[in-house]
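The structure appears below as structure tokens.
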Amino acid sequence: MDKISRVTTIDIELESSEPFYITPLSDLHIESSAFDLEGFRKMMRERAKLPNHRAIVIGDVMDLVVPRDLKRWTPSVQDSTLAGEDAWLNKGMDLAIERLTEFNTQYDLVTPGNHEYEFQKRHGFDVTSALARDLKCARGGYSGILRYRIHIKGNKRGGQLFTIVYHHGAWGGQSKGIIPARRWFTTWDKWNIALWGHNHQTLVTPESRFKVLKNGNIREYPVYFINTGSWVKSYSDNAAHTNYAEKAGYIPTIRATPLIKVQLACRRVGGPSGTRGYELTYSVEV
């Protein structure tokens with residue numbers, strides 16, 4: 001296997017003030033019978049209408065719960081289209097790509113989660129790299145950095161970095177993981193978005209950071225802690241099938257994915273008499 005970089009850099013050219021949008025996905029479990037296909041399709045159809053829209057997936061793209069997984073396997077956990085398939089992994093991966101690309105979404109990054117990690121450990125097959133190949137995007141690590149290097153069209157000077165630090169996630173509980181996640185992400189420097197998943201919860205928490213400029217002034221800027229959410233149902237419509245989340249008494253999860261909006265504009269910095277420069281602005285909504 002080729003070496004996988006901890007840092008992925010994507011170049012983007014935009015008109016001044018032209019936005020681009022990022023849908024950060026995680027914990028799709030896309031070939032699971034609990035996957036909310038209609039809800040996911042509705043969201044991705046609407047997101048595809050946005051200008052310069054792209055997506056990233058930070059782990060648990062697939063469920064990969066198989067008979068050898070005595071903790072989680074029952075015959076009802078897989079999508080019904082995989083029932084009776086000997087080559088269920090091949091068909092499951094085809095199903096994943098079909099569902100991810102239905103609306104011609106551009107993917108920039110796909111990374112492993114604990115489900116892909118466990119499958120590779122037990123069966124020796126790297127599902128994440130195969131998905132990255134089919135999605136024609138970068139394959140990241142369990143954690144790492146995604147940098148967007150943004151320039152105004154026709155001007156390579158004055159560009160800025162928009163930086164996402166990500167981890168598939170290892171944190172849950174009543175706080176949706178924000179307390180231990182914040183502790184982990186603060187070991188990284190100079191980022192705009194901190195992104196994690198794993199616990200299937202949706203959360204957006206903005207905070208302020210401060211930096212000292214070359215002229216000695218202090219500038220305040222926002223950062224966002226984002227828990228990506230999930231697209232699996234916590235409870236089966238058929239009470240005869242008990243989801244592991246129901247059995248464990250986990251908090252039911254809303255199926256909603258945050259949306260990141262980024263813009264770079266050429267404008268005067270410091271008021272009408274200030275010098276012209278490039279200002280990076282960004283926001284997050286659910």
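No value in this document is a laboratory result; all are computed from the given coordinates. If you're wondering where the values come from, they're calculated on a predicted model, not measured in any experiment. Don't worry about glycine lacking a Cβ; one is built from the backbone with ideal geometry, like all the others, and counts go over all protein chains shown.
Please rank ILE58, ILE179, ILE152, fewest neighbouring Cβ atoms within 10 Å first, as an exposure proxy. Don't skip to the answer; put the middle values down first.
Values: ILE58 29, ILE179 11, ILE152 20.
The fewest-first ordering by Cβ neighbours comes to ILE179, ILE152, ILE58.
Please report VAL223, VAL127 as a ranked list, fewest other C-beta atoms within 10 angstrom at the top and most at the bottom.
On the way: VAL223 17, VAL127 22.
With the sparsest Cβ surroundings first, the list reads VAL223, VAL127.
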Item to complete: In a Gaussian network model over the chain where Cα atoms closer than 10 Å are linked, find which of LEU146, LEU37, LEU109 has the largest mean-square fluctuation.
Response: LEU37
Worksheet item: Excluding same-chain residues fewer than 8 positions from LYS121, which lysines have a Cα within less than 16 Å of its Cα?
Response: LYS71
Worksheet entry | P(r) of the stretch 7-285 over all Cα-Cα pairs, binned every 10 Å from zero, in whole percent | 6, 28, 34, 20, 9, 3, 1, 0
Discussion item. Can you return the aspartates and glutamates within cross-link range of LYS42? Criterion is Cα-Cα under 14 Å, with same-chain partners fewer than 8 residues away left out.
Written reply: GLU102
Worksheet item: Magnitude of the Cβ-charge dipole of the stretch 7-285, K/R +1 and D/E -1, about the Cα centre, nearest 20 debye?
Response: 1380 debye
Fill in: Proximal lysines to LYS49, defined as alpha-carbon separation beneath 27 angstrom and excluding residues fewer than eight positions away on the same chain
LYS136, LYS153, LYS233, LYS261
Worksheet item: Where is the GNM fluctuation largest for the chain (alpha-carbon springs, 10 angstrom cutoff): TYR166, TYR117, TYR244?
Response: TYR244
Worksheet item: How large is Rg over Rh for the stretch 177-286, taking Rg from the Cα atoms and Rh as the Kirkwood inverse mean of 1/r across Cα pairs?
Response: 1.16
Worksheet entry | Neighbour-count ranking [beta-carbon atoms within 10 angstrom, fewest first] of VAL286, VAL232 | VAL286, VAL232
Worksheet item: Antiparallel as a % of all DSSP beta bridges within the stretch 113-265, to the nearest 5?
Response: 70 percent
Worksheet item: If you count the DSSP beta bridges with both ends in the chain, what percent of them are antiparallel, to the nearest 5?
Response: 55 percent
Practice prompt. Report the one residue of ASN215, ASN155, GLN174 whose Cα lies farthest in the direction of the positive end of the charge dipole of the chain (charges on C-beta: Lys and Arg +1, Asp and Glu -1; origin at the Cα centre).
Written response: ASN215
Discussion item. Among TRP184, LEU95, THR253, which residue has its Cα furthest toward the positive end of the charge dipole of the chain, with +1 on Lys/Arg Cβ and -1 on Asp/Glu Cβ?
Written reply: TRP184
